[in-house]
1. Restrict the check to the stretch 83-92 and report whether at least one residue is closer than 25 Å to GLU161 by Cα, among the small types (Gly, Ala, Ser) and within 17 Å of the chain's Cα centre (by Cα).
2. Report the residue count in the stretch 53-101 for those that are open to solvent by less than 60 Å² (accessible area, probe 1.4 Å), farther than 16 Å from ALA188 by Cα and among the small types (Gly, Ala, Ser).
3. Go through the stretch 102-118 and give me each residue that's open to solvent by 50 Å² or more (accessible area, probe 1.4 Å) and assigned to a helix (DSSP H, G or I).
4. Taking only pairs six or more apart or across chains, which ones have beta-carbon atoms under 8 Å, a first residue in the stretch 59-75 that is free of Cβ contacts under 8 Å to residues at least 12 places away in the same chain, and a second residue that is assigned to a strand (DSSP E or B)?
5. Which fully enclosed helices (runs of 4 or more DSSP H) of the stretch 119-230 have 1 or more residues being under 22 Å from ASP95 (Cα atoms), open to solvent by 40 Å² or more (accessible area, probe 1.4 Å) and at pLDDT below 95?
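The values are calculated or read from the model by the stated rules, or taken from the named source; none is laboratory data. In this text, all values refer to a predicted model and were calculated from it rather than measured experimentally. Heads up, the Cβs are rebuilt from the backbone with ideal geometry, glycines too, and the neighbour counts pull from every protein chain shown. SASA here: full protein model, heavy atoms, side chains in, ligands and nucleic acids out. Shrake-Rupley method; radii C 1.70, N 1.55, O 1.52, S 1.80 Å.
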Amino acid sequence: MNIINTDSIGYQYPDGTVALHNISLTVSENQKVAIIGHNGSGKSTLLLLLSALLLPTSGTITIFDMQLTARNKSQVRKSIGIVFSQVEYQFIMPDLLNDVILSIREGSQEEKKSQALQWLKKVNMDDMINHSPLALSSGQMKRAALASVLAKNPKILLLDEPLANLDKPSADAVIHILSDLNMPMIFATHSAYAVQHLANRLIVLEHGTIAYDGVCNSKILEKHKKTILL
């Protein structure tokens, strides 16, 4: 089953910069898709379009059989979770527990607290529930942001640079969490480690267009480790 379909989408920023043009792709429910490309190739813009935070200036996006429009974008967003590269901007509440509780839409306050604690335990952050999210280390902050996003029960997870600024143990912790998730995932990255351990499909963007879309294997990884991946 295809959960995302884009048909010849493009995006031009208000200053006239064309970030994407003629992007057509489908994503099925069992895929974990890595998007790579040089800085400025359109990776983050594509994620913003797929998350319904931007609307395409040309073409169409269909998510779960719903064509994205200005009228229904808020409804579409409910099925999508996105973790940004700078996760510190995603936190709202002064402590970690209440930040996750804020993401939970249904249930009594006690039920929300119970669910929040379960998500924090899943990301190994249940011993820091009273800490300020902004006082955490980079790895802890990334896991806390994942808990807050996953607490919304999204049907699709989008991530921009999920391993950015993480050391090896922190990166391994995030990879372990993401690998255990049984949901479609699309992530933009420069990390060969993330691609190797998470992706079953690779998309390469060049100058706002798709240069490659296919299987993720050692040969294609080695090729792009020389120019794109770290």
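1. We begin by selecting, within the stretch 83-92, every residue closer than 25 Å to GLU161 by Cα; these are 83-92.
From the residues that got through so far, the ones that are among the small types (Gly, Ala, Ser) too are 85.
Next, only the ones that are within 17 Å of the chain's Cα centre (by Cα) stay: 85.
Taking every residue of the stretch 83-92 in turn, at least one turns out to be closer than 25 Å to GLU161 by Cα, among the small types (Gly, Ala, Ser) and within 17 Å of the chain's Cα centre (by Cα).
2. 3
3. Going through the stretch 102-118, the residues open to solvent by 50 Å² or more (accessible area, probe 1.4 Å) turn out to be 102, 105-106, 108-111, 113-115, 117-118.
Hits for the stretch 102-118 are LEU102, GLN109, GLU110, GLU111, LYS113, SER114, GLN115, LEU117, GLN118.
4. GLN67/THR60; GLN67/ILE61; ASN72/MET66; GLN75/MET66
5. On the way: elements: 138-150, 168-179, 192-198, 218-225.
Those helices (runs of 4 or more DSSP H) span 138-150.
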